[in-house]
Amino acid sequence: MTPFVIGSTLFVFSLLIYTLISIGYVYPALNKIQWDRALVPYLLIQCFRFMPLALLMPGQVSIAFPVIAAEILAYGHFISALFALLAVTLVWHKIRGGRVAVWLFSLIGLSDMLLAFVTGISFGVMNIPVGSALFIVTVYMTMVIVSHVLILVILFKTRTNSKS
């Protein structure tokens, strides 16, 4: 198998497993509590989006890994983590503007994920040795994707419920 096929397999399996865990256990439990409390665990997962900063550490990825790609991935996720931290702080402490902060984070976070995918594909990073950074993509980012989808589900659900 090629590195791309192996990386893609790891990514898809992790995404599937996190989706099954979330649909079967996490979402049903959090669905029983207020929207703001339900968002907190998902937002806390997003706060760990600083992890791709490791791409900028010497020796963590191959010297063939394009510096510009590492910077786009690292700083984009770090900015998303900062907005997630702001959102979770406002929501957790029931400070005015919490819902707006979550929507803002979602817009920034989803844009960042799209940029990360485009960057990864454009630079062919799945064919470059990335060492332990592979686990950021295959284990952590899959959790980020699933939790982000659930954040949006909660936001849209509460928006719909508040209209009726």
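Every read-out reported here was derived from the displayed coordinates using simple, explicitly stated rules and does not represent laboratory data. The structure displayed is predicted, hence computed values, not measured ones. Counting neighbours? That spans all protein chains shown, and the Cβs are built from the backbone with ideal geometry, glycine included.
Just a few scattered comments:
- Distance cut-off 16 Å, percentage of C-alpha pairs in region 42-158 lying past it: 59
- Among Lys94, Lys157, sorting on how many other beta-carbon atoms sit within 10 Å of each Cβ, with the fewest leading, yields Lys94, Lys157.
- Other residues with beta-carbon under 14 Å from the beta-carbon of Asp112 carry, at +1 per Lys or Arg and -1 per Asp or Glu, a net charge of 0.
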